[in-house]
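Notes follow the structure.
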Ligand code: CA
């Protein structure tokens, strides 16, 4: 067991050292939407503070069952998971998450530091395992590894006509207006916009959703395209019957 005082000390240290980190790396954008599952409130506060300072969006939950309902929210990019939770064991939370999503990145952050615990966690489907106490810089570095693997680390703004998508922050704007989209729709739109002028087959678009760990039913793409069209300019997404979809390249 790790004493609470040690947490505070470790976090004071990491928050302080983080100040230097942000100064050095402030030009490096990064942004994931992280679900933080940690029942220790002061630790959760310190962690979310540091993660937000590193440009991540953070949703905090304190119980396993809240984590499971939050995973249904399509916006989560990564989960930081404590194992000692008040209502259920974090390993069971992880196993349930894996039933919903095979590819959702999960980093376990726990006081259980034996090698056997680490093996259990990794075998249950964790992508990484960091025993407490830990250095915030190390956690941030491990998050960057996952980001690179997901291919989300390169910042860019893709614009087609009046529609602009920041592939980093996943902010979509149509003209002057910011438009909120569920993640699946964003991923589809991103795939189409990055390939403006080229036809994307339904199978190709489906495979993009699979990469994000989504269940893909036979009409999934049609349904999402239908919803997307309501939020985008008229005729922005073209259907090429029997072939796929495309966004025409706009000459600027
Ligand atoms: Ca705990």
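The values are calculated or read from the model by the stated rules, or taken from the named source; none is laboratory data. Everything quoted here is computed from the prediction, not taken from an experiment. Counting neighbours? That spans all protein chains shown, and the Cβs are built from the backbone with ideal geometry, glycine included.
Observations, loosely collected:
- Residue ID - farthest from residue 50 (Cα to Cα), chosen from residues in the stretch 97-151 that are touching a residue at least 40 places away in the same chain (Cβ under 8 Å), over 17 Å from the mean Cα position of the chain (by Cα) and more than 16 Å from the ligand (Cβ to nearest atom): 135
- Strands (runs of 3 or more DSSP E) contained in the stretch 52-122 and holding at least 2 residues at pLDDT 85 or above and more than 19 Å from residue 141 (Cβ to Cβ): 57-61
- Residue satisfying all of: in the stretch 75-92; within 12 Å of the ligand (Cβ to nearest atom) and farther than 23 Å from residue 52 by Cβ; surrounded by the most Cβ atoms within 10 Å (Cβ to Cβ) among these: 83
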